[in-house]
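The values are calculated or read from the model by the stated rules, or taken from the named source; none is laboratory data. Just so it is clear, the model here is predicted, and its values are computed rather than measured. Neighbour counts are summed over all protein chains in view; Cβ atoms, including those assigned to glycine, are modelled from backbone coordinates with ideal geometry.
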Amino acid sequence: MEGILMSIDKSVAAELASEAMEEFMKMAMDREEVLWSQGHGGKEALIYKEYLNQFTSAGMGQSSPDLKTDATRATAMVFIKSLSLVEALMNMKQWKDMLCCIVSRAITVDVISSGSGGSLDGALLLIYAELQVLSPLVPTRDVFFLRFCKQHKEGVWAVVDVSVDSLTESLSSSSLKCRKRPSGCLIQDMPNGFSKVTWVEHWEYDESEIHSLYRPFISSGMGFGAHRWLATLQRQTERLATELATPHLQNMVVGGRVDGGRSLLKVAERMRNNFCSIVNHSTLHNGSQVLGLKDGGVRVATRKRSDDPRKPPAGVLSAAASIWLPVSPERLFDFLRDGRLRNEWDMLSNGGPMHETAYIATGQDPGNNVSLLTASAQSKTLILQESCKDSSGFLVVYSPVDISQLNEVINGEEDSAYVDLLPCGFSILPPGSQVEVDDSNKENGALLTVVIQITVSTYNPRKARLTAESVKTVSNLISCTVRKIKSALSL
């Protein structure tokens with residue numbers, strides 16, 4: 001990173017950011033839809049020929065013939081004030097936490113400008129980020145880019161990103177896998193705490209490393225496009241609003257504090273964030289190793305379980321696999337999140353249905369919630385589960401939790417960061433377009449990613465290895481889970 005910093009002239013970076021802002025504003029404010037067409041279920045896609053006629057793309061040069069183009073626009077009402085959203089976008093920790101399903105890593109490499117007059121107006125950052133789809137079959141998009149923030153008038157802000165590969169020889173090479181042309185969001189304050197957000201995503205990327213199963217999903221703009229960013233943002237801001245408005249638990253049988261619900265939501269948030277960080281192998285801790293099978297298969301890695309000094313060192317084996325299933329994403333989601341049906345696929349259920357002992361809604365849709373499940377009243381272990389849905393996809397994440405630890409957190413006697421979690425779960429995505437099955441039949445179906453983790457008693461990053469036995473264990477767990485899901489759904 002230091003070498004890249006030294007090679008970027010700040011005045012040139014500021015000029016690039018200004019040009020990117022101008023291009024972005026024209027794309028975002030194109031009310032005549034000269035640049036946009038309706039391609040993929042009403043979503044807006046860029047008319048690239050018209051785009052090339054109007055723009056030189058902020059000094060980035062011509063598109064690379066080796067890279068595929070993905071450019072989309074979406075607009076929606078989001079329950080957050082414009083300044084709050086701007087502040088989150090300009091703070092890498094908040095940005096990552098708010099959009100963890102997409103942002104697996106984010107670092108501020110350099111603050112070129114902190115803004116003017118004590119505000120973020122004019123702030124310019126150099127950022128490194130890893131962006132992901134929750135599948136091991138889609139490589140992360142690793143990109144250095146400028147993020148420029150500008151207030152256009154009272155209650156109207158724009159935050160724009162643009163790759164810096166054109167400014168440094170160390171990034172401008174034939175090995176470039178992706179780059180961001182001027183992209184970002186236009187945020188306008190509306191009544192009652194809402195903002196109108198127009199999001200534009202404009203990418204060039206190398207399609208060759210994406211598994212064929214996911215290429216239709218990515219090329220449709222559903223993987224890294226504006227619609228997914230905006231849908232994820234809507235769901236997360238709704239969750240935050242619900243957390244503030246609903247401090248208590250429904251059907252609560254553990255703990256007694258009125259604000260115990262918020263404590264449980266914090267634990268669930270950490271569980272979900274940890275889950276999102278392990279799906280793609282590139283986001284795992286140093287010392288991790290990956291077994292990648294050419295045709296997808298099961299990806300397995302090792303990592304350290306916890307940095308808690310009060311506990312002995314332990315390791316985790318993480319396994320992830322993605323498959324296509326001939327079932328609608330909605331049906332698959334409803335099946336996997338239903339505790340009463342959990343015994344049909346989950347060995348932790350001990351062969352019987354699980355009962356819901358606590359429930360917190362995290363949005364208006366009943367599919368968005370945090371719950372506690374148990375196999376019996378005598379069990380010392382509960383299952384903490386969060387299910388999420390929006391128009392871009394579905395998520396079901398769960399982890400065993402010790403009931404005594406959970407009671408301590410809910411009663412305010414312990415920091416939620418010390419609750420032992422081992423997140424497992426499912427990401428469910430629409431395929432984006434028709435997927436070929438057996439080279440003859442075509443169905444839509446669902447793209448399912450299964451993630452399972454198991455503990456190992458010791459961990460030494462210098463000696464961490466994937467043994468044949470450990471790979472076989474987690475691979476069998478994945479295979480068994482998939483087989484049971486298929487059987488239960490008669491697939």
Six or more apart or on different chains, Cβ atoms under 8 Å: show the pairs whose first residue is in the range 19-41 and closer than 16 Å to GLY221 by Cβ and whose second is in a helix (DSSP H, G or I) and acidic (Asp, Glu). LEU35/GLU50
Of all residues making up the range 40-74, the number that are in contact with a helix residue (DSSP H, G or I) (Cβ under 6 Å, 6 or more places away or on another chain), of a type in the set (D, E, K, R) and either at pLDDT below 85 or not assigned by TED's automatic domain parsing to the domain that holds GLU207 (or both): 1
Residue hits (the range 410-420; modelled with pLDDT under 80 and surrounded by fewer than 23 Cβ atoms within 10 Å (Cβ to Cβ)) are ASN411, GLY412, GLU413, GLU414, ASP415, SER416, ALA417, TYR418
Here are LEU384, LEU373, LEU395, LEU341: which of them is crowded, with 16+ Cβ neighbours inside 10 Å and not in a strand (DSSP E or B)? LEU341
Those residues that are among the hydroxyl-bearing types (Ser, Thr, Tyr) and surrounded by 24 or more Cβ atoms within 10 Å (Cβ to Cβ), I need them from the range 125-148; list them, please. SER135
Of the criteria (1) in contact (Cβ under 8 Å) with a residue 24 or more places away in the chain; (2) surrounded by fewer than 21 Cβ atoms within 10 Å (Cβ to Cβ), which one LEU233 fails: (2)
Check the range 108-130 and report whether any residue there is within 18 Å of ALA226 (Cβ to Cβ), outside any loop (DSSP other than H, G, I, E, B) and under 19 Å from the mean Cα position of the chain (by Cα). yes
Within the range 202-211, identify whether any single residue is in contact (Cβ under 8 Å) with a residue 60 or more places away in the chain, small (Gly, Ala, Ser) and part of a loop (DSSP other than H, G, I, E, B), and answer yes or no. no
How many residues are under 22 Å from GLU238 (Cβ atoms) and not in a strand (DSSP E or B) when one looks only at the range 179-201? 5
Condition check: touching a Leu at 6+ places or on another chain (Cβ under 8 Å) and modelled with pLDDT under 85. Does LEU406 satisfy that? yes
So for the range 34-52 (the condition being among the charged types (D, E, K, R), assigned to a loop (DSSP other than H, G, I, E, B) and more than 27 Å from the chain's Cα centre (by Cα)), does at least one residue qualify? no
Please find, among SER208, SER163, SER113, the residue that is farther than 28 Å from LYS68 by Cα, at pLDDT 90 or above and not aliphatic (A, V, I, L, M). SER113
What are the residues in the range 94-105 that are modelled with pLDDT under 95 and farther than 14 Å from TRP229 by Cα, if any? ARG105
So is VAL397 modelled with pLDDT of 90 or more, outside the structural domain of TRP229 (by TED's automatic domain parsing) and touching a Gly at 6+ places or on another chain (Cβ under 6 Å) or not? yes
Is it the case that LEU176 is modelled with pLDDT of 90 or more, part of a loop (DSSP other than H, G, I, E, B) and aliphatic (A, V, I, L, M)? no
Would you call MET90 over 17 Å from LEU186 (Cβ atoms) and either among the polar types (S, T, N, Q) or within 19 Å of the chain's Cα centre (by Cα) (or both)? no
Output the qualifying pairs, or none if there are none: Cβ atoms under 7 angstrom, residues six or more apart or on different chains, first residue in the range 131-147 and on the phi < 0 side of the Ramachandran plot, second residue in a loop (DSSP other than H, G, I, E, B) and of a type in the set (Gly, Ala, Ser). VAL133/GLY223; VAL138/GLY223
Which one of VAL316, VAL290, VAL258, VAL253 is surrounded by fewer than 19 Cβ atoms within 10 Å (Cβ to Cβ), at pLDDT below 90, among the hydrophobic types (A, V, I, L, M, F, W, C) and under 21 Å from VAL450 (Cβ atoms)? VAL290
Over 28 Å from GLY432 (Cβ atoms) and at pLDDT 85 or above: which single residue out of MET25, MET77 fits that description? MET25
For the range 423-472, the count of residues that are within 30 Å of THR302 (Cβ to Cβ), surrounded by 17 or more Cβ atoms within 10 Å (Cβ to Cβ) and modelled with pLDDT under 85 equals 3
Filtered residue count, the range 344-360, keeping only those that are surrounded by 18 or more Cβ atoms within 10 Å (Cβ to Cβ), farther than 20 Å from ILE454 by Cβ and of a type in the set (Gly, Ala, Ser): 1
If I filter the range 347-358 for residues that are under 24 Å from the mean Cα position of the chain (by Cα) and not assigned by TED's automatic domain parsing to the domain that holds ARG235, do I get at least one hit? no
